[in-house]
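Below: one structure, written as structure tokens.
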Amino acid sequence: MISENDRKIPEAISQYESSFKSDPTDLSTIRYLENCPAEVLISAAKSLAEAYSSLGDNRNAYTFMNITISLAKNQNSSQDYIKNLEEKLRQYSPSN
């Protein structure tokens, strides 16, 4: 959170990813994210999806990957990045 306040976005992303990987239900981190730059939110949502998937919870992984895709589209992320996210979404699909 300090990195984000100092506008060190790559460090902030890394810290949020570490936080979510260790505890995807950490509500204090989730609440703090409300005021984050868009790229941090995208990374955090993606990390949550991946964390849920690693726990075998593809339903929540699917939900958070959908959120990630929406955020990425709203920020005009590259088509390649969005395609990659959509591929991950298919992997988390309940039909798989």
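Just give me the residues in the stretch 61-96 being surrounded by 15 or more Cβ atoms within 10 Å (Cβ to Cβ) and in contact (Cβ under 8 Å) with a residue 24 or more places away in the chain, in sequence order.
61, 62, 65, 68, 71, 72, 77, 85, 88, 89, 92
Is it true that some residue in the stretch 74-86 is of a type in the set (Val, Ile, Thr), at pLDDT 90 or above and within 11 Å of the chain's Cα centre (by Cα)?
Among the residues of the stretch 74-86, not one is of a type in the set (Val, Ile, Thr), at pLDDT 90 or above and within 11 Å of the chain's Cα centre (by Cα), which makes the answer no.
The values are calculated or read from the model by the stated rules, or taken from the named source; none is laboratory data. Everything quoted here is computed from the prediction, not taken from an experiment. Positions of Cβ are generated from backbone atoms using ideal geometry, with glycine treated the same way; all protein chains shown enter the neighbour counts.
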